Amino acid sequence: MKQNLFNYNDEDIDSIVNYSHKLLNRKFAEVMEEYNRSLYKTYEDYQNQEANEYEKKEIKPSSKGQYGNYIERYYYGYQPNSNAAADFEKTGVELKVTPFKVNKNGTISAKERLVLTIINYFEENLDDFYQTHLWQKCSKILLLFYNGLIPENTVLDYMIEKVFLYEWFEEDMNVILDDYARITQKIKEGRAHELSESDGNYLSTCTKGAGKDKDWKKQPFSDVLAKQRAWELKSSYMTYLINHKIFASHEQESVLATAKGTKKTFTQLIEEKILKYEGWRAEDLYDAFGVPRRSKSRNNLLIRKMIGITGDIENTQEFQKANMNLRVISVNKKGLPTEDSPFKVYDFIELAKNDNWEESHVFQEICDKRYMFVVFKEEEPGEYVLSQVKFWGFPERLVDEAKRVWNETRTIINEGVQLTQTKKGVSTNFPQSKVNKFLFTKIHASNSYYEIEKNVFVGKGKLSDTNPLPDGRRITKHSFWIPKKFLKDILDGKWD
């Protein structure tokens, strides 16, 4: 009987892709059964028709993190490696096995970023993206997608559900080239140690290595050691790819489509369209664009009309790919925001229970996002004019502090939030912005309402203004906030 395992031509892209499709919907246990029956244990063996004796390979069901390596070794017949060349060197195709997840609401998203290749700070081309090691290795990527979040599944149950040959979409390249330029500029300035996942919109970098002291590397333009990092396509970009290119759901509205033929990035286009009205009073802008002044969503409605889109800007292709969040900020004459800036309300029980940092509310809703700030500055008392547009992401050097605040908040919730009645109402023992200067937690409701003892509530709010604690008490809804003093520093460029 003709063997199917390793039956492909590594000099022909179509042959590799067609062979990959034969892996669809097969449990990895079946692949291993075929491998153990096979006379040939590598692609080279098969090509030379030389049978070799190998021990039967047993796979540990718990070794989920090795799935990608196993596919390379036992289905494609080559040893996983860290070579500079692409995995299928003769065709220039790199293989990546990457997980997706089905969320509680039924939507699909990437389970993680797509790590591409390690950055060599000394050897990487810092001026021409198309001459980089990244491009040489990953200009064509064969993506194999599997569901990595099915309860009780072991690696033997995993199966590839989608195969896609990714060749970098033309519509995304201006943004990716801009990301590349921003990242390499930091390296050229001797700031490789300040690189952060938030530097890029679609393309960025992430830490990569075994941990401890082994992952600190020299950099060419500074004596300061920098963490070893790899190029990546961000998880938000991968989520968009999964939903609109792989699983082919409906196409979303595009910022760039509002200016056909433009060579600008979407951030440049947005900045240009909005700052055309720099110095205009907010009220005059509302009237000019037909936005009701009393509408609670007037600022979001104004921004999308200025850009020329009909739906929510955060649902556009570009904002989805970049995981970007719009914030309209009012500042006084000195540039100090008039209030702290809130994030989404969090669930006390979920926050306390989940101890996985990269799946946490703080990481996903704050640290892993990029932000677009549109700033209105006070010119006369009560009169604000459009003054600034700024794009920003949480820098790597602040992530440890954000993680500390997250852990501190979880500890307070798990140990029991302390409620203290005062003349002004009820206070908690969550540290405020005087202590936590970059990120802190406080109430996120118009009126407070606290259960100071069982079924005894204090405050002007109502039950819908509360969420339950793990101990059963209900207290006013809370969220994390950026303090206004820190926000001023962001807008002033001190945390770029």
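Each value in this text was obtained by applying a stated rule to the coordinates, not by laboratory testing. All figures in this text were calculated on a predicted structure; none of them were measured in a lab. So basically every Cβ, Gly included, is an ideal-geometry build from the backbone, and we count neighbours across all protein chains shown.
In a DSSP loop and with at most 15 other Cβ atoms within 10 Å, the trypsin sites (Lys or Arg not before Pro) in segment 190-235 are R191.
Which value results for Rg/Rh of segment 1-139 when Rg is the Cα radius of gyration and Rh the Kirkwood radius based on the inverse mean 1/r? So for segment 1-139, dividing Rg by the Kirkwood Rh gives 1.01. Mind running the shape call on segment 13-246? Use the C-alpha gyration tensor, a ≥ b ≥ c as the square roots of the eigenvalues: rounded below 1.5 for a/c, prolate if a/b tops b/c, oblate otherwise. The shape class here is prolate. For segment 268-384, the calculated P(r), taken from all Cα-Cα distances in 5 Å bins from zero up to the bin holding the longest distance, is 2, 9, 17, 20, 18, 15, 9, 6, 4, 1 percent. In this calculation the C-beta distance from R281 to S479 is compared with R0 = 35 Å, giving a FRET efficiency of 0.70.
The GluC sites (Glu not before Pro) found in segment 339-431 that occupy coil by DSSP, while having at most 14 further C-beta atoms within 10 Å, are E339.
For the pair N447 and V345 in one chain, pulling the backbone fully straight at 0.36 nm per residue adds 35.3 nm over the alpha carbon distance. Placing +1 on each Lys and Arg Cβ and -1 on each Asp and Glu Cβ, with no other charges, gives the chain a dipole about its Cα centre of roughly 2040 debye.
Charged neighbours of R26, selected by a Cβ distance under 15 Å, balance to -1 (K, R count +1; D, E count -1).
In the chain, helical runs assigned H by DSSP with n ≥ 4 each contribute -39500 (n - 2.57); averaged across all residues and rounded to the nearest 500, the mean residue ellipticity at 222 nm is -7500 deg cm²/dmol. For the chain, the pair-distance distribution built from all alpha carbon pairs, in bins 10 Å wide starting at 0, is 3, 16, 24, 25, 18, 9, 4, 1, 0 percent. Here is the list for segment 20-98: trypsin sites (Lys or Arg not before Pro) lying in DSSP coil, each with at most 12 other C-beta atoms within 10 angstrom of its C-beta, are K56, K57. The T420 and S222 beta-carbon pair, evaluated with R₀ = 45 Å, returns a calculated FRET efficiency of approximately 0.40. The mean sequence separation of alpha-carbon pairs under 8 Å and at least six residues apart, normalised by the residue count of segment 344-496, gives a relative contact order of 22 percent. Note on the chain: dipole from Cβ charges, positive end direction compared against I13, L144, Q364; the farthest Cα belongs to Q364. What is the sum of charges, Lys and Arg at +1 and Asp and Glu at -1, for the other residues whose Cβ falls under 13 Å from the Cβ of R182? That works out to -3. Here's the picture: charge each Lys and Arg Cβ at +1 and each Asp and Glu Cβ at -1 in the chain, and of Y43, W168, Y76 the one pushed furthest to the positive end of that dipole is W168.
For segment 117-206, compute Rh as the Kirkwood radius over C-alpha pairs and then the Stokes-Einstein diffusion coefficient at 20 °C and 1.002 mPa s; write the answer in µm²/s, rounded to an integer. For the chosen part, D equals 140 µm²/s. Each of K494 and E123 was given a label point 7 Å from its Cα along the Cα-to-Cβ line. The distance between the two points is 4.1 nm. A simple spin-label model places the labels of A259 and E379 2.4 nm from each other, with each point 7 Å out along Cα-to-Cβ.
Taking each residue as 0.36 nm, the span from D355 to T154 lengthens on full extension beyond its C-alpha to C-alpha distance by 70.2 nm.
With the simple spin-label model, which puts each label point 7 Å out from Cα in the Cβ direction, the E30 to D12 separation comes to 2.4 nm.
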